[in-house]
Each structure stands twice: as C-alpha cells, then as structure tokens.
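Worksheet: one structure, shown below.
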Amino acid sequence: MKPIHLVPLSGASGAPNGNGAKPEPGIDLLEHLAAALARIFRAPCRIRPLTIDLEFALDDRRAQYYSTAILHRLERACDPDARILGVATRDLYVPVLTFVFGEAQLDGNCAVVSTARLGEEFYGLPPSEDLLRQRLVKEGVHELGHTFGLRHCADWRCVMTSSHAVERLDVKEADFCPRCRKAVTQESYW
C-alpha cells in the first residue's frame, strides 16, 4: 500500500477564498485528517513540509482556482510512490461545474480537496470545527477513493457517492460501502 502524503496548498491572503479562511489549512486540521486517513485506508499518512502556492491556478473571472491544473502541479512536484492529497482553503472549480469540493486522478496518484465550501460560515451559519473536520475527512476519502480506481457509488451512505452539496456530504458515511470496500480489497490495495 502506498503511503498517503498531505500537501498544504496556499493562496495569497488577498485572493478570494469564499469564507474568509486562512491562506492555507491549519496544522490541527491537517493532523486530524492524516489520522483519519491512516485509519480508514490502513496506510501511513503524513503531512509533507512542502507547500504549493495556488496563484498559478486562479481564474480571475470566476474568482476560483482550477482544480485540474492543481492536480497536474501536484503530480510534477510530489513523490510518485505515494498517494498525494492536496488540501486547500480556496474555492475550486472545473469548467463544466460551478464549483467542486475536490477532484482526483482516476486510478492515479493525486487528488485535491478544498475546505472553502465545507465550513458552515460559507453558508452564513456559525462555524463548527467538528462539522468541518467530518466533511473534510469524507471528501478526502472520496477523492482518494478515485485514485484507487473507484467511481461514484449508488449507495447514498457510501463515501463514494457523488456530493453536489454539503447536505449530501453530511448524510454519507466516512467509509466505503461493502461493495466499494470489496472492489478495493480485490485490487490488493488493502
């Protein structure tokens, strides 16, 4: 099993992020995510000392960051013998969607997630660190699941079900359904 490396992604403090968050994810949040991913994937997970500046991926017109470009940068900058999860505070997009919580290379090594729309404050509600952590773990597991070759699952409780809104993210679990876990197990990843 390849280890998982978390890479903090940084945006300039004056650039848009949708929720007034810090330019990069905090160490407490990353440590929580690393521990959860290590437990769920049964693989070592560490936070890389590398930080990648996202300004190259900013689309000024949209005031969002192009997640596919970020994946390409992660792939060039990181260890090919590890699964890489970039973690950003900036709002991400792909051209055909208004936003994405994250994106991954299907059957590849790299994935990216953003906390920009995972916090309650984005929706005008009081912040909840616990809810932010839960959502980030679910989204991180989901995107890393794609790197194992998993596609979206029809089971609405499975972490691999598609989530187009935080409400959908909240009802799914932070783990794979038996069918998705079996598919991963059969591929000798576990």
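Hey, could you check the stretch 59-83 for residues that are over 14 Å from Ser114 (Cα atoms) and part of a strand (DSSP E or B) and say which is nearest to the chain's Cα centre (by Cα)?
So, considering only residues that are over 14 Å from Ser114 (Cα atoms) and part of a strand (DSSP E or B), the one nearest to the chain's Cα centre (by Cα) is Arg83.
Looking only at the stretch 66-76, count every residue that is more than 19 Å from Pro25 (Cα to Cα) and not polar (S, T, N, Q) and tell me the total. Step through it out loud before you land on a result.
Initially, the stretch 66-76 is screened for residues more than 19 Å from Pro25 (Cα to Cα), giving 68-69, 72, 75-76.
This time we only want the ones that are not polar (S, T, N, Q), so: 69, 72, 75-76.
Number satisfying all stated conditions: 4.
Does Pro44 satisfy the criteria of being under 20 Å from Val137 (Cα atoms), at pLDDT 85 or above and open to solvent by less than 40 Å² (accessible area, probe 1.4 Å)?
The answer is no for Pro44.
Considering Arg168, Arg135, which residue is out of contact with any strand residue (DSSP E or B) (no Cβ under 8 Å at 6 or more places or on another chain), open to solvent by 20 Å² or more (accessible area, probe 1.4 Å) and part of a helix (DSSP H, G or I)?
Numbers: Arg135 fails: open to solvent by 20 Å² or more (accessible area, probe 1.4 Å).
One residue alone meets the criteria, Arg168.
Looking at the stretch 93-119, which of its residues are within 21 Å of Asp175 (Cα to Cα), among the hydrophobic types (A, V, I, L, M, F, W, C) and either part of a helix (DSSP H, G or I) or open to solvent by 30 Å² or more (accessible area, probe 1.4 Å) (or both)?
Passing the criteria: only Leu106.
Just to be sure I understand, how many residues within the stretch 99-133 are aliphatic (A, V, I, L, M) and farther than 23 Å from Leu150 by Cβ? Reasoning before the result, please.
The first filter runs over the stretch 99-133 and keeps only residues aliphatic (A, V, I, L, M), leaving 100, 104, 106, 111-113, 116, 118, 125, 131-132.
Adding the requirement that they be farther than 23 Å from Leu150 by Cβ leaves 116, 125, 131-132.
So the answer is 4.
Among all residue pairs at least 6 apart or on different chains, which show Cβ distances below 6 Å where the first residue, located in the stretch 1-18, is more than 16 Å from Thr115 (Cα to Cα) and charged (D, E, K, R) and the second is in a loop (DSSP other than H, G, I, E, B) and at pLDDT 85 or above?
Pairs found: Lys2/Ala82.
Would you tally the residues in the stretch 139-162 being touching a residue at least 12 places away in the same chain (Cβ under 8 Å) and open to solvent by 20 Å² or more (accessible area, probe 1.4 Å)? Before the answer, list the steps.
Quick first cut of the stretch 139-162, residues touching a residue at least 12 places away in the same chain (Cβ under 8 Å) only: 139-151, 153, 155-160.
Still in the list and also open to solvent by 20 Å² or more (accessible area, probe 1.4 Å): 146, 149, 151, 155-157.
The number of residues fulfilling the criteria is 6.
What do you reckon, is Arg90 outside any helix (DSSP H, G or I), charged (D, E, K, R) and open to solvent by less than 40 Å² (accessible area, probe 1.4 Å)? So that I can check it myself, show each step before the final result.
On the way: outside any helix (DSSP H, G or I): yes; charged (D, E, K, R): yes; open to solvent by less than 40 Å² (accessible area, probe 1.4 Å): yes.
So Arg90 fits the description; yes.
When the residues of the stretch 3-17 are filtered to those that are outside any strand (DSSP E or B) and either open to solvent by less than 10 Å² (accessible area, probe 1.4 Å) or under 16 Å from Ala35 (Cβ atoms) (or both), which remaining residue is modelled with the lowest pLDDT? Lay out the reasoning, then the answer.
Of the stretch 3-17, the ones outside any strand (DSSP E or B) are 3, 11-17.
When the remaining residues are screened for being either open to solvent by less than 10 Å² (accessible area, probe 1.4 Å) or under 16 Å from Ala35 (Cβ atoms) (or both), the result is 3, 11.
Numbers: Pro3: 93, Gly11: 73.
Among them, the one singled out is Gly11.
In this structure, does Phe122 turn out to be more than 22 Å from Asp91 (Cβ to Cβ), surrounded by 13 or more Cβ atoms within 10 Å (Cβ to Cβ) and in contact (Cβ under 8 Å) with a residue 40 or more places away in the chain? Give the derivation first.
Details: more than 22 Å from Asp91 (Cβ to Cβ): no; surrounded by 13 or more Cβ atoms within 10 Å (Cβ to Cβ): yes; in contact (Cβ under 8 Å) with a residue 40 or more places away in the chain: yes.
Judged against the criteria, Phe122 is not a match.
The values are calculated or read from the model by the stated rules, or taken from the named source; none is laboratory data. Note that the structure is predicted; figures quoted are calculated from it, not measured. Glycine gets a Cβ as well: all are built from the backbone with ideal geometry, and neighbour counts include every protein chain shown. Keep in mind that these areas ignore ligands, DNA and RNA; they rest on the heavy atoms of the full protein, side chains included. Shrake-Rupley method; radii C 1.70, N 1.55, O 1.52, S 1.80 Å.
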